[in-house]
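None of the figures in this text is laboratory data; all of them are computed from the coordinates on show. This one's a predicted model, so the numbers in the text were calculated from it and none came from an experiment. Positions of Cβ are backbone-derived with ideal geometry, glycine not excepted, and every protein chain shown enters the neighbour counts.
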Amino acid sequence: MNRLPAPRLPAWLEEMVPFRRYAVDVGGRAMHVMEHGEGLPVLLLHGNPTWSFLYRKVMHRLADAGLRLIAPDLLGLGLSDKLPGSWHSLDNHAEALRKLLEQLDIGPFVFVGQDWGGPIGVRVLAERPEWAAGLVLMNTVFGPPKPGFKPTPFHRFSQMPLVSDAAFRLFSFPQINLGMVQGDKRSIAGKVARAYRFPLSSLRRNAAPLALARMVPDSLEHPSVEPLGKCQTFVESFRGPAALVWGERDPILGRVLGRAERALPQAEVTRTKAGHFLQEEVPDEIAAAIRSVAARVG
């Protein structure tokens with residue numbers, strides 16, 4: 001694998017992520033990766049509008065676990081190359097991730113996913129089930145909506161032309177107020193909040209948050225419905241070690257834990273009072289779930 005140099009970070013941010021950092025060419029686009037440790041590979045995948053910074057607390061708590069922790073930034077987010085809004089789809093993100101994993105040549109791994117990171121990673125595993133050693137899923141959806149569903153107010157807003165473009169592109173919504181979806185609103189503030197805004201700080205580079213919000217189905221004819229169906233089929237057929245860690249104060253996905261439990265009946269379940277970005281609030285519980293699943297990998 002030809003590793004590329006990672007983008008430079010300002011000193012205040014670099015000290016917050018003291019991990020190996022590099023980039024990988026995936027079809028002519030650079031995907032940024034943070035990595036730490038050696039051993040059984042664990043893929044940590046974030047969602048919208050965050051980046052691998054989200055997993056820094058979890059990575060610190062697993063520093064002595066004998067695991068190879070790999071946290072990439074989705075294309076369009078974090079320090080990975082930025083792309084136009086029209087590029088973003090569940091299948092395109094999964095294809096880029098597949099190319100990254102093939103270059104890393106890591107073999108079977110424990111997959112950890114949250115928000116859009118969940119279905120993007122699971123979509124890859126649906127095509128390459130031999131890579132799936134274990135699953136840890138957090139505040140995510142990995143199946144299509146049911147008939148008669150209603151999108152959340154956030155996702156209905158994202159589909160509104162002009163006004164949503166202005167809010168997302170001009171006023172940096174929602175990364176300017178990530179704390180609002182937390183159990184503890186203070187968990188994303190100050191320097192931490194600044195770190196989430198940093199990669200998307202210019203109008204030229206911030207197309208992804210709106211594009212990923214619009215990837216959420218608003219009808220059963222939405223392009224994401226078919227690949228989400230493939231995700232659900234894989235998860236329901238998976239028989240390996242699994243865990244669910246959920247933030248029940250998440251106003252977006254806090255109530256969908258029951259659906260995840262039915263799809264993964266063998267999963268160890270940890271309910272918490274965290275919000276959507278639970279990696280900031282309950283890293284100990286997440287690290288414990290990853291250790292447990294890794295210990296049960298045959």
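Some observations on this one:
- Residue-span extension gain [residue 103 to residue 204] - 0.36 nm each, minus C-alpha spacing: 33.5 nm
- Simple Cβ-charge dipole of segment 16-131, Lys/Arg +1 and Asp/Glu -1, about Cα centre, in debye nearest 20: 320 debye
- Cross-link partners for residue 146 among the aspartates and glutamates, with Cα-Cα distance under 14 Å and sequence neighbours closer than 8 places in the same chain left out: 218, 221, 226.
- Label sites at residue 165 and residue 13, each approximated as a point 7 angstrom past Cα along Cα to Cβ, lie 2.7 nm apart.
- For segment 63-161, averaging the sequence separation of C-alpha pairs within contact (under 8 Å, six or more residues apart) and dividing by the residue count gives a relative contact order of 21 percent.
- Part-to-part distance (alpha-carbon centres) for segment 19-74 and segment 111-162, which is given in Å: 19 Å
- Relative packing of peptides 13-25, 247-259 - highest average C-beta neighbours within 10 Å first: 247-259, 13-25
- Database remark: amide H of residue 40 closer than 5 angstrom to the amide H of 68 (H placed geometrically; neighbours at sequence offset of 5 or more, or on other chains; Pro and chain starts carry no H).
- Under 19 Å from residue 82, Cα to Cα: lysines that are on another chain or at least 8 residues apart: 99
- Positive-pole candidate from 244, 182, 233, dipole of segment 178-259, charges at beta carbon: 182
- Debye intensity ratio in log₁₀ form over the Cα atoms of segment 49-199, taken at each q of 0.17 Å⁻¹: -1.24
- Helix-only mean residue ellipticity at 222 nm for the chain, each DSSP H run of n ≥ 4 adding -39500 (n - 2.57), per residue, nearest 500: -8500 deg cm²/dmol
- Pairwise Cα distances in the chain exceed 38 Å in 4 percent of cases.
- Protection proxy ranking, peptides 229-237, 99-107, 217-225, average beta carbon neighbours within 10 Å, highest first: 229-237, 99-107, 217-225
- Magnitude of the charge dipole, segment 79-171, Cβ model with Lys/Arg +1 and Asp/Glu -1, debye to 20: 420 debye
- Residues whose amide H lies under 5 Å from that of residue 48, counting only those 5 or more places away or on a different chain, are 116, 117; hydrogens are built 1.01 Å from N in the peptide plane.
- For residue 273, a cut-off of 21 angstrom between C-alpha atoms picks up these lysines, skipping any fewer than 8 places away in its own chain: 57, 185.
- Each Cα pair under 8 Å and six or more residues apart adds its sequence gap; the mean of these over the residue count of the chain is a relative contact order of 20 percent.
- Taking the Cα centre of the chain as reference, the dipole from Cβ charges on Lys and Arg (+1) and Asp and Glu (-1) amounts to some 580 debye.
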